[in-house]
Structures are given as structure tokens and as C-alpha cells.
Amino acid sequence: MNIKSCEKKEKSTAELVVEINADELNTAINEAYRKNRGRISVPGFRKGKAPRGVIERMYGASVFHSDAIEVILPVVLRFMLKEAGLKFTGTPQMTDVDFKDGEGGVDITFFAALVPEVTLGEYKGLSAPKPDAVVPEDEVDKEVDTIRNRNSRMEKVIRPANNGDTVIIDYEGFTGGERFEGGTAEGSELELGSGMFIPGFEEKILGMSAGDECEIDLVFPEDYSEPMAGKPAVFKVKVNEVREKQLPELDDEFAKDVSEFDTLDEYKADIRERLRSIKQADADAAFENSLMEIIADTMDADIPDDMIERQMDDSLQSFMNQFAAYGMDPSSYMKSMNTTPGAIRENMRDSSERKLRVMLALLKIAELEGIEISDAEIEDEYTDMAARYGMEIVKIKESVKEEDVVNDMKMRKAVKIVVDSAIADNSESEEKI
């Protein structure tokens, strides 16, 4: 067999014609005959015993051609991958089969998407904004207040209810003079100002004390769930108890109770550093993303549609997997958003192409920089993945191809080269995060 022709076409695609000679085709036809003869009935022969020539005379010379192509196709694909001198992305697709009468061979035509040629712009010494990781004191105070609230306790008070208090109430809801489902409760806890009930309900309870009763006339919002949307309702409410949130004193004892530190100053310093670390990570990520955007904008590559479509498939699958990771049903989400997998996938087209541009650029940088990944590094990466996902390393190796692991590691090293040589430029902005 040989590659009879190879014509490169637009958008990093190619058409290849592979010529299979008569002997190679005959071998494939014999294999197809052996696989299928048991299903073919020929008068005068027991099933599976009729010679190939007899079957071909009875059913036609091409009776085994289709199955022969299936037999030889994997061999042809391996041959193309080795001999064509092209980098395929995905599996070449067979588009035509031409059996050569008299000569006994066959020409098979393939359409193939190719890894595109990449021309890079500058990738070292780039400049991009990088926000300063500054932590204002009020952010530290806000974090401390959050912890104080988590460690608060509720105490019963004898006074009218204020915003922020929790009231213990009984209530009955009526519409059209009849109780409605879900509108009645006893001993229900409600934090005033939380917005947990429909608009107007909590406001009416402000100023009530334990033992007070009232009727509240309201209208359910138009966007409320059926059948109550837009309906007027009356709630009979009794306040059983008013509770006030008691925050712990903001002192060294508080710090000892909620942390491993002995003083409030030490505790605040730890919070400040933790928030700074988070901001620094965000700033580093923003800086890196900006650099990747520059590289994607300045590189040139004619990406084949097939490559983009497969990236869209991968992006959609990752999107669906996120729901599974959180124990959620993606179909429920799509129903609530009035969308479909196809619509979500199509919305990912631009981002998928952008992601491919960055990946191709980084792999080109790895090539230009001579980045290589050792066997030991590959093994360490599989070990880390096994630990991260709680899987046996053998299973990880079965599910993640080594080529994908190597490419991912090359891209990470390429990113480091870009970032380490880049310059943080804040000359046009005093932005802080």
C-alpha cells in the first residue's frame, strides 16, 4: 500500500488517497470471507462450508468488499499516521472507496483535520496589568465580624422586635378565605431583615413583642411559583418569642476561642495574611490570563473546524461533569434556564476556539524552547493524579493517555516561561484587588 496523493486544503485540512494493491485487498477479502461465511447459505453446501469463489459467483464479486474495507481500515489508518508525514488531529474520515476493476486493488480517499501550523508573535518580555494584592483593614474587620456572627448565641429578650432579631412565630395563611398549602407553621424561626418571607411580611412584624398577634394583608409576587403567583393573601401571625443575637466580645479571649492564637492582634494578622494570599493568587491568575490573551491575539493558526467541534464537545462534557461533582442534575438546570445541551454547546464555540489558540501557542512555545518531559516526571504526574482523584494509578493510566499528560506538562512549563519573563505594568491603573 502507498499514499497515492496528499493534497492540503484550507483550514488545516487534507485529502489523502491511499492505494491498496491487489494482494493486500485479496488478503482482506479472505478475512472478510472467513468472518461471514457462516451466515451465508449456498445450495449444496453446509452453512459455512461454501468456498469463497462459489459465494462470489452466486452473490457477486463485490459481496465481501464492504467487510474487507472494515478489515483493512485500521491497517490503513496506522499506515497513514506513520507515513503521511502529517500531524492529524482526530481520526481521518473515509470519504470514498474506488475498487479498480481488472487491476484488483482499491483506492481509499480520506478527509483529515491537521494540527495547524502555528506562527507566534513575541512571547517573552510581555507586559500586562497586575493588580496589587492589598488588604484594606475594613476587609479584615469584615472577616472578623463574620466569625463573630458564627460564634454568636441567641438570647430571649422582653422588648419589641428589631431588625436582626429572630422571632419565633406561629402563622396561618389564607387566600379567598381558605387556608392554602404550605401557608401554616408553628414555632417557625424568622430572622427579621433576612428577606426569607415574601415582601412585606417581615416589615409588619417589626415592633411586635412576645404574645402580640396581628393579621398581615399581602400579595404574592407575580414571579412566585404557581398557584400562588400574584394572589392576595392574609396571614394570621402570633409572636411567641423575640431573640437577640449576642456577639462575643472582641478581645483576646475571643481570639483564643476561635483560633490557635493567644491575642486578637495575632489573629487579625493571620486573617490579613490569608486574605492577602487569596488576593495574590487572584492577581497572579489575572496576570497569567492577560498574558495568554496577548499570545492568543498575536499568534497565527488556521484551526480546522473539526478541532473546534471536538473542543466544544469536551467543554460541554466538563460543564455537565461539574453538576455531577456537586450531586446536581444538569437536566433540571437546563429546564430552569429554558435551554438545551445543544444551545449550551454552541455558546461555547468562541471560548473553545480561544482555548485551542492558547493551547496551540503554548505547545509551539514548548517546541521552540526544547521542553521535554522525562519518564520520571510522567510517572510523578500520574501518581499525583491518582492521589488527587482517589484512584489507583493503573486506572488513571487507563483513562488518561500519556500523550495528554505530556502535552499538559509541556504547556505548564511554557506558561512559566512566559510569566517569568513578563513585566507587571500598572502605569495606567492603580487597580487593587
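Every read-out reported here was derived from the displayed coordinates using simple, explicitly stated rules and does not represent laboratory data. Just so we're clear, the structure is a prediction, and the values are computed from it rather than from any experiment. Heads up, the Cβs are rebuilt from the backbone with ideal geometry, glycines too, and the neighbour counts pull from every protein chain shown.
Here the gap between LYS236 and LYS47, fully extended at 0.36 nm per residue and compared with their Cα-Cα distance, gives a gain of 59.5 nm. Report P(r) for region 258-424: all Cα-Cα distances, bin width 10 Å, range 0 to the bin holding the largest distance, values in whole percent. Values per bin, smallest distances first: 8, 22, 31, 26, 10, 2, 0. For region 324-433, which trypsin sites (Lys or Arg not before Pro) pass both filters: DSSP loop (anything but H, G, I, E, B) and at most 10 other C-beta atoms within 10 Å? Passing both the DSSP loop test and the Cβ count: LYS401. Calculated [222 nm] ellipticity per residue, helices only, for the chain: -15000 deg cm²/dmol; basis is -39500 (n - 2.57) per DSSP H run with n ≥ 4, divided by all residues, nearest 500. A DSSP coil position with no more than 11 other Cβ atoms inside 10 Å describes the following GluC sites (Glu not before Pro) in region 334-396: GLU372, GLU392. How would you classify region 180-283 from its alpha-carbon gyration tensor, with a ≥ b ≥ c the square roots of the eigenvalues: rounded for a/c under 1.5, else prolate if a/b is greater than b/c, otherwise oblate? It is oblate, given that a/c is not under 1.5 and a/b is not larger than b/c. Length gained on full extension, ASN163 to GLU103, computed as 0.36 nm times the residue gap minus the Cα-Cα distance: 12.3 nm. Overall size of region 10-62 from C-alpha positions, given as principal axis extents largest first: 56, 21, 17 Å.
The Cα atoms of region 102-220 give a gyration tensor whose axes a ≥ b ≥ c have a/c of 1.5 or more with a/b no greater than b/c, which makes the shape oblate.
Sites listed here are chymotrypsin sites (Phe, Trp or Tyr not before Pro) in region 235-343 whose DSSP assignment is loop and whose Cβ has at most 10 other Cβ atoms within 10 Å: TYR326. For the chain, the Stokes-Einstein estimate of translational diffusion at 25 °C and a viscosity of 0.890 mPa s comes to 82 µm²/s, using the Kirkwood hydrodynamic radius over alpha-carbon pairs. Here region 63-81 is scanned for amide nitrogen atoms under 15 Å from the site 7 Å beyond the Cα of GLU56 along Cα-to-Cβ, giving 63-69.
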